[in-house]
Amino acid sequence: MLQSLLPDGLVAFVKRACPTCAMIEPQLYEAAQSRHDFQVVTQDDAAFPEGVKNLIDDRELDYSYLNQIEATPTLIRFAAGKEVERVMGWDRAAWQRLTGLAALGSKLPPLVPG
């Protein structure tokens, strides 16, 4: 049975077919390697992004539906079982702040919609 709540920490909703998600694939890997509480929910390819261990296969879109995901990428911070903050698309400053990785995506454009 599907859990309605994702674990506390950061959860990125992505899909391989999303150009912005493909652009930030290295940043997803970096965040997953740097933070023990970073998970990726992948909507269309259970192997995307490559090399990330904490992947949740959401090809049925159950997690995306329960979390009202309207665009990818979307980064959500959960605390005490509740959503605390959400960023849709690539917003470098917001992703850096939420992940605590000051140089995350420093060579990427500051804003790219999902």
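The values are calculated or read from the model by the stated rules, or taken from the named source; none is laboratory data. All values reported here derive from a predicted model rather than from experimental measurement. For neighbour counting, all protein chains shown are included, and Cβ atoms are generated from backbone atoms with ideal geometry for every residue, glycine included. Surface areas here come from the heavy atoms of the whole protein model, side chains and all, with no ligands, DNA or RNA. Shrake-Rupley method; radii C 1.70, N 1.55, O 1.52, S 1.80 Å.
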Using a probe radius of 1.4 Å on heavy atoms only, what accessible surface per residue do you get for the chain? Whole Å² is fine. 54
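Would you mind working out the magnitude of the charge dipole of region 13-52 relative to its Cα centre, with +1 at each Lys and Arg C-beta and -1 at each Asp and Glu C-beta, to the nearest 20 Debye? All intermediate terms of the calculation are to be shown ahead of the outcome.
On the way: 3 positive and 6 negative charges, 14 e Å.
Using only the charged Cβ atoms, the result is roughly 60 debye.
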Please report, as a whole percent, how much of the solvent-accessible surface of the chain comes from carbon and sulfur atoms (probe radius 1.4 Å). 52
Where only C-alpha atoms are counted, convex hull volume of the chain per residue in Å³: 93
In nm, spacing of pseudo-spin labels at S34 and R97 (7 Å Cα→C-beta vector): 1.6
Taking 25 Å as R0, compute the FRET efficiency from the Cβ-Cβ separation of L66 and L108 and round it to 0.05. 0.30
Among Q96, F13, P49, whose Cα projects farthest towards the positive end of the dipole of the chain, with charges put on the beta-carbon of Lys, Arg (+1) and Asp, Glu (-1)? Q96
Charge dipole magnitude, Cβ of K and R +1, D and E -1 - the chain, Cα centre, debye nearest 20: 380
At 7 Å along Cα-to-Cβ for each site, give me the label-to-label distance between D57 and E85 in nm. 3.3
